[in-house]
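J.: Let me begin by handing over the structure; questions about it come next.
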Amino acid sequence: MLNETTHESLKLLITESVFQYLKNKGIELKKIPVIILTTPKDPAHGHLSTNIALQLSGMISGNAKEIAGFIVQELEKNNRGMLDRVEIAGPGFINFYFQKDLLYNILHEIIAEKDRFGCSDLGKGEKILLEYVSVNPTGPLHVGHGKCAAVGDSLSKILRAAGYQVSTEYYINDHGKQMDTLGQSVLIRYRQLLGEEIEFPENGYQGDYIVALAKEVREKYGTEFKAKDDQETINFFKSYAQQKILQDIKEDLILFGVEFDNWFSEESLYTQDKVYPVIDRLRQEGFVYLEKGALWFKSTDFGDEKDRVVTRANGEAAYFASDIAYHDDKYKRGFQTLIDIWGSDHHGYINRMKAAVQALGYTRDSFQVLLVQFVTLLRAGKTVGMSTRGGQFITLKDLLKEVGKDVARYFFLMYSYDSHTEFDLDIAKSQSLENPVYYIQYAYARICSIIKKGEIKNITLDDINKEQIDLKLLDKREELEIIKKLMSFKKVVERSAIKRKPYLIAGYLLELASLFHKYYTEYKIISRERTLSESRLYLVCSVKIVLENALFLLGIGAPQKM
């Protein structure tokens, strides 16, 4: 079968050929380059390709084409029935064309594994904590937060499929001045609603949601807090607003198909006395020093541009101190790798956190940050204005009402998270092939329709004798291209997991859907020829499984009707 075993067998044959070449040339190498097999974009260039000859030529100052020629000759003598032919391309690439029987066997594998097809043990159970969104509970989620949520949720699914043990977490920033500011903002709006002439502070939180919260308090408590501005009153408004906003955030995320394994409160770090002991530990180890009454962390010892304050002169812990304690707590919970997904405006925060991780005794590479670039909404070709400072922005909830969960998620995931997203609302709302989500889901719905037609003619997957089915009838170029694309799914999932980039799955989906649509328009799947119908139904059922599995990894539905 053209699976992981086949890949490894081919790598072994190539390795043997390389060592034979070196032996013939009298060259001693303790280690040869890692043999990488890739899937060529152009089907004419084979099912798999390698650049090992080019890599080796650079190490021994040899001729890449000569090396490639020797490897090809060796493989032609000892290909063990796997290869139909092997060719040299360009300056020394080697293209492999497998026997068709091996290609067809991938369909048996897909049908047998169903929703497990595409999964692997790449991660070997490595424990990963994936933290994302983590918006301050001071306002509703906007479209930028939606992109972070889509990336994080999809990445968690991809990593799990690739054999990692993943937990997801939302860090609630419920400690600090921003929470007092929230309480004061709602309190002042409440007092204004009661007719008090009181000025709203410049640093207060703007937006209709603050007024709505103030109205709720007025409806429930009447004039109980009129003319009050003491800390106890502020604390009440702070607590009330925080709980309501956090509940709204959770509800919006559920609508978006995102649920977290754990919600972690920053405030709990202080109530459980986890912040100051960590700072003391770093001080005892020589990584924290006192200057002008404040405690400073020696982040420059680990490559940061300057040292950072962890405790101010008044003894109050800085926000950075909370983050150090929080990440230390993550490691203490047994996680081997930490992945944080942040907005692009946090770029300057990465080095100080990596420095803290190292000072705590963990490896720098065990802490990874994905910076998500911003989102621009377009309507009629023009940018939709947004200002979070002024409280005027498009909320995630508004976006979901307009375009729906599936479309929103795909549009956030169709390009790499570290590139700017232009979200065209007109295309997103259109039910046409111009909309990539509609195009992909339509492919799935079409297959469901084909399966129903097969049922009418008593041609179903259950009725097909898998031992006698003649898959050699699938000899059209379009059919072989689809099979080749199906064959590459597991590798795409693994690459997406390694690179932490869900957009690779999104791109794969669009390509597979495109291949299917072209095939559908060219050939009749269910026809009077039962044997051919069975073979083609077997193929499209395999496509259906892979489409559904890939859509699941992106958190997108697979509708049976459109």
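The values are calculated or read from the model by the stated rules, or taken from the named source; none is laboratory data. Values in this document were obtained by computation on a predicted structure and should not be read as measured data. Every residue, glycine as well, gets a Cβ built from its backbone with ideal geometry; the counts of neighbours run over all protein chains shown.
J.: Only one of SER542, SER527, SER514 is hydroxyl-bearing (Ser, Thr, Tyr), over 22 Å from GLY123 (Cβ atoms) and buried (at least 21 other Cβ atoms within 10 Å of the Cβ). Can you tell me which?
T.: Values: SER527 fails: buried (at least 21 other Cβ atoms within 10 Å of the Cβ); SER514 fails: buried (at least 21 other Cβ atoms within 10 Å of the Cβ).
The unique qualifying residue is SER542.
J.: Something else about it: For the stretch 10-34, what are the residues that are crowded, with 19+ Cβ neighbours inside 10 Å and under 21 Å from GLU494 (Cα atoms)?
T.: LEU10
J.: What residue, among those in the stretch 56-78 that are of a type in the set (S, T, N, Q) and under 20 Å from GLY26 (Cβ atoms), is nearest to the chain's Cα centre (by Cα)?
T.: SER57
J.: Could you count how many residues in the stretch 515-558 are free of Cβ contacts under 8 Å to residues at least 40 places away in the same chain, polar (S, T, N, Q) and more than 23 Å from ILE456 (Cα to Cα)?
T.: Selection size over the stretch 515-558: 0.
J.: Can you pull out every residue in the stretch 156-182 that is surrounded by fewer than 21 Cβ atoms within 10 Å (Cβ to Cβ) and in a helix (DSSP H, G or I)?
T.: Across the stretch 156-182, the qualifying residues are LYS157, ARG160, LYS177, GLN178, ASP180, THR181.
J.: Counting only residues that are aliphatic (A, V, I, L, M), within 33 Å of the chain's Cα centre (by Cα) and surrounded by 12 or more Cβ atoms within 10 Å (Cβ to Cβ), which one in the stretch 211-256 is nearest to GLY146 (Cα to Cα)?
T.: Ranking the candidates gives LEU253 first.
J.: So which residues in the stretch 508-525 are assigned to a loop (DSSP other than H, G, I, E, B) and in contact with a Leu (Cβ under 7 Å, 6 or more places away or on another chain), if there are any at all?
T.: Result: ILE525, single match.
J.: So which of LYS466, LYS501 is outside any helix (DSSP H, G or I), touching a residue at least 60 places away in the same chain (Cβ under 8 Å) and buried (at least 18 other Cβ atoms within 10 Å of the Cβ)?
T.: LYS501
J.: Ok, one more. Out of all the residues in the stretch 344-391, which are among the acidic types (Asp, Glu) and at pLDDT 95 or above?
T.: ASP365
J.: Quick check: anything in the stretch 15-33 touching a strand residue (DSSP E or B) at 6+ places or on another chain (Cβ under 7 Å) and at pLDDT 85 or above? Can you show your working first?
T.: Of the stretch 15-33, the ones touching a strand residue (DSSP E or B) at 6+ places or on another chain (Cβ under 7 Å) are none.
So far as the stretch 15-33 goes, no, none of its residues is touching a strand residue (DSSP E or B) at 6+ places or on another chain (Cβ under 7 Å) and at pLDDT 85 or above.
J.: Still on this model: Would you confirm whether or not the stretch 54-73 contains a residue that is free of Cβ contacts under 8 Å to residues at least 24 places away in the same chain and touching a strand residue (DSSP E or B) at 6+ places or on another chain (Cβ under 8 Å)?
T.: Taking every residue of the stretch 54-73 in turn, at least one turns out to be free of Cβ contacts under 8 Å to residues at least 24 places away in the same chain and touching a strand residue (DSSP E or B) at 6+ places or on another chain (Cβ under 8 Å).
J.: Only residues that are surrounded by fewer than 17 Cβ atoms within 10 Å (Cβ to Cβ) and in a helix (DSSP H, G or I): list them for the stretch 190-210, please.
T.: Within the stretch 190-210, GLN192, LEU193, ASP208 qualify.
J.: State yes or no: is VAL310 under 29 Å from VAL166 (Cα atoms), in contact with a strand residue (DSSP E or B) (Cβ under 7 Å, 6 or more places away or on another chain), surrounded by 21 or more Cβ atoms within 10 Å (Cβ to Cβ) and free of Cβ contacts under 8 Å to residues at least 40 places away in the same chain?
T.: Taking the combined requirement at face value, the residue does not satisfy it.
J.: Right, next: When CYS119 is evaluated against the numbered criteria (1) over 20 Å from PHE552 (Cα atoms); (2) within 30 Å of the chain's Cα centre (by Cα), which criterion, by number, is the only one it fails?
T.: (1)
J.: Kindly establish whether GLU481 is touching a Pro at 6+ places or on another chain (Cβ under 8 Å), touching a residue at least 24 places away in the same chain (Cβ under 8 Å) and over 28 Å from ALA149 (Cβ atoms).
T.: Against the criterion (touching a Pro at 6+ places or on another chain (Cβ under 8 Å), touching a residue at least 24 places away in the same chain (Cβ under 8 Å) and over 28 Å from ALA149 (Cβ atoms)), GLU481 qualifies.
J.: Run down LEU130, LEU187 and say which single residue is surrounded by 23 or more Cβ atoms within 10 Å (Cβ to Cβ) and not in a helix (DSSP H, G or I).
T.: On inspection, the qualifying residue turns out to be LEU130.
J.: Here is a follow-up. Among the numbered conditions (1) over 18 Å from VAL546 (Cβ atoms); (2) in contact with a Lys or Arg (Cβ under 8 Å, 6 or more places away or on another chain), tell me where GLN468 comes up short.
T.: Answer for GLN468: the failing condition is (2).
J.: Would you check which residues across the stretch 10-51 are closer than 15 Å to MET487 by Cβ and of a type in the set (Gly, Ala, Ser) and list them?
T.: Answer for the stretch 10-51, where residues must be closer than 15 Å to MET487 by Cβ and of a type in the set (Gly, Ala, Ser): GLY46, SER49.
The rows are residues; the columns are (1) in contact with a Pro (Cβ under 7 Å, 6 or more places away or on another chain); (2) under 12 Å from PHE237 (Cβ atoms).
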{"position": "ILE172", "(1), (2)": "yes, no"}
{"position": "GLN178", "(1), (2)": "no, no"}
{"position": "LEU182", "(1), (2)": "no, yes"}
{"position": "SER185", "(1), (2)": "no, yes"}
{"position": "GLN192", "(1), (2)": "no, no"}
{"position": "ALA212", "(1), (2)": "no, no"}
{"position": "GLU216", "(1), (2)": "no, yes"}
